[in-house]
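Single-structure report; data block below.
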Amino acid sequence: MRYAEVGYNLEIDLATGNIERVETDPKMMELHLGGLGTSVKIHWDRVPPETKPFDPENLLIFSSGLFNGTPAFSANRTVITFISPQSGLLAYPMMGGFWSSELKYAGYDKVILRNKSPKLVYIWIHNDKVEIRDATHLKGKGALETQDLIREELKQPNAQVAAIGLAGENRMFCASIEQSRSSASRLGGGAVMGDKNVKAIAVRGTKGVNLADGVEFMKLMEEVTEYINYRNTNPIPDVMTILSGIGSPQEMVHTDEKWHTENFAWGNARNRRKNFWTDEIEESWAKAQVEAIKRFISCYNCPQHCGALIDAPNVPRYMMKCFSKLTYSMAAYVDNLDFGFKIAQQASEYGVDGFSTPQILAFGVELYENGILTDKDFEGCPKDNEGRFFWLLDRVVRREGIGDVLADGTYWAAKRIGNGAEEFAHNNIKKHEQLPIKLGMLDPLYFLMYSTNEKISITQIEGNWPQAAFPTKEQRERFVEDWPQLPDETWKEWLLEWELRGEKAIPYFPTPDIAAQIVDWMEMLHNIDDALCICAGMGSFCLKPPYHIHNYPKLISAATGLDLDEEGLKKIVNRSRNLHRAYNNRLGMSRADEKPPEDHWKKRFPEIEEELLTTYYEFKGWNYDGIPTRERLHELDLDYVADDLEKRGILKDGQGQEEN
Amino acid sequence: MAKVKKKIKTIKIDADRCNGCRGCEIACSLFHAEPKYSSINPAKSRIQVVSHRLKDIWLPVFAGEYTPAECMGRDVYTIDGKEYDECGFCRAACPSRDLFKDPDTGLPLKCDMCEGEEEPWCVKWCLNDVLVVEEREEEVEEEEALDDMEIGLEALTNKFGMSKVMETLARMSMAKKG
Ligand code: SF4
Ligand code: SF4
Ligand code: SF4
């Protein structure tokens, strides 16, 4: 009997239509848990580095995690892995919603897609019955629309459907995969799905997921519940409202957007508007939001309600979460929120990344304003900011005219356009658009997170450590007073010492040694969440979350029957983390790629940055180039990886910390 | 039949507070798993959250009585200007559909208020206070409540006839003794 995982993957060859239900090796759970961990292992074993994103051999894996389908609150992520057309590296965007638990109830942990279908199809998984069905009638349909059409066609109101829109069909590099109120957006999973000619995957399952020790598991969940209730009634004082609670940022609940609108950059990640949030704006934005929201909704088995059903004036209904309500308005320099709600609907149906896309459009506008793109490129484009964005969005997802160039994202578009356009693609890391934040002083923690994490998207790297020092001693003391999530009591000292200004402030403090430990800890928490497919909002992404390193090993042990302690769990996720790094090294990533956008901070300190990176690499057991050493790989039972890296000349013998 | 005092439990459902998480389905199926707490299968839950996301319907519905035959008349609801499928909100385990039937055996499921538990599991694990139990005492005619197996057997006899069921049981027990 398998516990927590179901023990079967679904392997689909889209070229031949061959479908197989394949039993997995139980050892894989012991070595990599599940979710991202076991998916990375499959890519390592089966997709060699010569593979290009749109090659048939590029696998597209939809994976549940170890905890989906169990009673663990907020275990609802689906992690989707593939070599990204944008970064050329192994990407793993995730979506919440309802899909992955349903997959486990149907009897599978993962769906592994290989090769390409000769025509547009969708996949229908109903327990043991799996079909590849014609989807030509769904061509061009919206990503949300498609979900309901498929449910109706199958007469299966409880089927969960993940679908792409026009953007995915046309292989726009920032195309998302949409499902219910969620989407897997970053780095172009939708484009790879579209390239494989798969419009959607629908799933309905009526089988069970087993727990090794359900009594113990529920006892632990009672403690988790108690803490959720406590945190929901006791927001953390002294931090911004948006950071005070648990769950994803409560962008649907809160209407006060002073902080985002005045601290994040507008346009193509350019300007902060210091006095934007006037009384008038506050009133009109709050009104627009309250009127647009019909109901607050959650993902599967989660007590929070980070999403909302949106019913805005003259806009078909859709569901929204998080920050996309602002990204389009701010990128377009539009001062009314109605526009945000309106264009986000269109964008969700097209199926595009709500972070990258607005920046790509704003980038196009900037190039036009600076004479790099011309009237010919913008022929037929309305002159007003709103109209221009709608027009551009349409061009991009249809890949028409200049849209075809912009559809590859700012990095690749700039390369194609030339003529100085590269200067304008200024907000990327590893070719991927970042949050539009431009700040003053280099921050050691953020420098490391931005530079080194394989996620390449800060909101899913940061989390448990406060974003900034508290101004007063009293506030610091209050914060550390009750902080059971910390790995070690002594770490409290670091927070107590951390000041806003002076020697004990950024960029000097946390020192490289301390920064390395904190960043490694935050990253490890994300890696655990990503293996279990727990929402980061209840674990790694928020301050003082219900799930942490002290209760995870117990929960995992009760669910699976493994006998795990903290060290054991850390070792497992460290193994998967290093395998992922090695995989990306094999795809060509190294130290030279590991840097935040040039203009992310006004004040940069090259020497400190150099020391931070070197110290962190050493702490991680990576050599000067950011490649895991044989020694570290051996400790993690990854000798086969060291052999491979050596054979390919990526890891040289000796391989220590050599500065060149 | 004798009159007896009986505690009547009502679960009040404040559907407006429901966020559609379906945690109640997980809780119910876990509690009724065999062995208890060993597995989760929402399709076996005696509460089902009927959802039509874009229509703003997230409605927890409890499994009611088993019915051997479909209704002659059907109901079609219109709510908030949107029309729903026939029988969309009915509580019955009915031959016309799969809802409230065990997916493995096809036998009907019925909410038993989590007999023996202090608090029904769906109520306990819904953290949004959508489900609230109220208790009151009432004088009722004594009647024997059917347990799960009886409900199942009743459904089988309705479908195949009593003698066929008896025959099959006899044959199975012979085979077991073998
Ligand atoms: S915390 Fe929010 S985003 Fe996370 S699972 Fe719950 S409802 Fe979804
Ligand atoms: S657990 Fe509560 S909030 Fe969640 S679906 Fe059930 S009734 Fe609704
Ligand atoms: S009261 Fe008990 S049996 Fe009835 S639906 Fe709730 S959990 Fe299931």
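Observations, loosely collected:
- B:D16 meets the conditions (1) within 12 Å of ligand 3 (Cβ to nearest atom); (2) open to solvent by 50 Å² or more (accessible area, probe 1.4 Å) in every case but one. The failed one is (1).
- Residue-level check: of (1) over 23 Å from the mean Cα position of the chain (by Cα); (2) crowded, with 24+ Cβ neighbours inside 10 Å; (3) under 25 Å from A:P484 (Cα atoms), A:I534 misses just (1).
- Test: residue in the range B:66-82 that is surrounded by fewer than 17 Cβ atoms within 10 Å (Cβ to Cβ), in contact (Cβ under 8 Å) with a residue 40 or more places away in the chain and within 16 Å of ligand 3 (Cβ to nearest atom): no
- Being buried (at least 17 other Cβ atoms within 10 Å of the Cβ), in contact with a Leu (Cβ under 9 Å, 6 or more places away or on another chain) and under 30 Å from A:E422 (Cα atoms) is a description that applies to A:Y583.
- Of the set (1) of a type in the set (D, E, K, R); (2) without any contact (Cβ under 8 Å) to a residue 40 or more places away in the chain; (3) open to solvent by 70 Å² or more (accessible area, probe 1.4 Å), all apply to A:K602 but (2).
- Test for B:S29: is it crowded, with 18+ Cβ neighbours inside 10 Å, within 16 Å of ligand 1 (Cβ to nearest atom) and either in a strand (DSSP E or B) or at pLDDT 90 or above (or both): no
- Pair list, Cβ under 6 Å, 6 or more apart: the range A:305-317 residue within 9 Å of chain B (Cβ to nearest Cβ) and within 15 Å of ligand 1 (Cβ to nearest atom), other residue open to solvent by less than 10 Å² (accessible area, probe 1.4 Å) and outside any strand (DSSP E or B): A:H305/A:S298; A:H305/B:N19
- Among residues of the range B:100-126, those that are modelled with pLDDT of 95 or more and either β-branched (V, I, T) or within 16 Å of ligand 1 (Cβ to nearest atom) (or both), counted: 3
- For A:R295, the criteria (1) outside any loop (DSSP other than H, G, I, E, B); (2) within 8 Å of another protein chain (Cβ to nearest Cβ); (3) within 30 Å of A:W483 (Cα to Cα) hold in every case but one, which is (3).
- The range A:225-263 - residue that is among the acidic types (D, E) and free of Cβ contacts under 8 Å to residues at least 24 places away in the same chain and, of those, surrounded by the fewest Cβ atoms within 10 Å (Cβ to Cβ): A:E226
- B:A43 meets all of the listed conditions (1) outside any helix (DSSP H, G or I); (2) within 14 Å of chain A (Cβ to nearest Cβ); (3) of a type in the set (A, V, I, L, M) but one, namely (1).
- Members of the range A:82-110 that are within 21 Å of A:P26 (Cα to Cα), more than 14 Å from chain B (Cβ to nearest Cβ) and in contact with a helix residue (DSSP H, G or I) (Cβ under 8 Å, 6 or more places away or on another chain): A:D109, A:K110
Residue by residue, here is whether (1) under 24 Å from A:A407 (Cα atoms); (2) among the aliphatic types (A, V, I, L, M); (3) within 14 Å of another protein chain (Cβ to nearest Cβ) holds:
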residue	(1), (2), (3)
A:T136	yes, no, no
A:R151	no, no, yes
A:G168	yes, no, no
A:I177	yes, yes, no
A:S182	yes, no, yes
A:S185	yes, no, no
A:A191	yes, yes, no
A:G194	yes, no, no
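- Scope the range A:577-606; condition of a type in the set (D, E, K, R), assigned to a loop (DSSP other than H, G, I, E, B) and closer than 21 Å to A:Y92 by Cα; matching residues: A:E594, A:K595
- Subset of the range B:41-55 [open to solvent by less than 30 Å² (accessible area, probe 1.4 Å) and charged (D, E, K, R)]: B:R46
- Options A:P71, A:P118; residue that is in contact (Cβ under 8 Å) with a residue 60 or more places away in the chain and more than 16 Å from ligand 3 (Cβ to nearest atom): A:P118
- Candidates B:L107, B:L127, filtered to the one that is surrounded by 12 or more Cβ atoms within 10 Å (Cβ to Cβ) and away from ligand 2 (no atom under 16 Å from the Cβ): B:L107
- When the helices (runs of 4 or more DSSP H) confined to the range B:84-178 are screened for residues that are within 16 Å of ligand 3 (Cβ to nearest atom) and farther than 22 Å from A:N158 by Cα, those reaching at least 3 such residues are found at B:121-125, B:148-160.
- All positions within the range A:417-455 that are within 25 Å of A:F509 (Cα to Cα) and either in a strand (DSSP E or B) or without any contact (Cβ under 8 Å) to a residue 24 or more places away in the chain (or both): A:I429, A:I437, A:L439, A:G440, A:M441
- Those residues of the range A:20-43 which are surrounded by fewer than 17 Cβ atoms within 10 Å (Cβ to Cβ) and not in a helix (DSSP H, G or I), in sequence order: A:E20, A:R21, A:V22, A:E23, A:D25
- No other residue among A:E366, A:E282, A:E349 is in contact with a helix residue (DSSP H, G or I) (Cβ under 8 Å, 6 or more places away or on another chain), modelled with pLDDT of 95 or more, within 14 Å of chain B (Cβ to nearest Cβ) and more than 16 Å from ligand 1 (Cβ to nearest atom) apart from A:E349.
- Checked against (1) farther than 30 Å from A:P316 by Cβ; (2) facing another protein chain (nearest Cβ under 8 Å); (3) not aromatic (F, W, Y), B:N19 passes all but a single condition, namely (1).
To keep it simple, each residue is scored yes or no on (1) under 28 Å from A:Y552 (Cα atoms); (2) modelled with pLDDT of 95 or more; (3) under 19 Å from the mean Cα position of the chain (by Cα).
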site: A:P157; (1), (2), (3): no, no, no
site: A:E169; (1), (2), (3): no, yes, no
site: A:G190; (1), (2), (3): no, yes, yes
site: A:Y230; (1), (2), (3): yes, yes, no
site: A:V253; (1), (2), (3): no, no, no
site: A:K258; (1), (2), (3): no, no, no
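- Filtered residues of the range B:17-36 (kept if within 10 Å of ligand 2 (Cβ to nearest atom) and among the hydrophobic types (A, V, I, L, M, F, W, C)): B:C18, B:C21, B:C24, B:I26, B:A27, B:C28
The values are calculated or read from the model by the stated rules, or taken from the named source; none is laboratory data. Model, not experiment: these values are computed from the prediction. Backbone-built Cβ (ideal geometry, glycine too); neighbour counts: all protein chains shown. For the accessible areas, the whole protein counts, side chains as well, though only heavy atoms, and no ligand, DNA or RNA atoms are used. Shrake-Rupley method; radii C 1.70, N 1.55, O 1.52, S 1.80 Å.
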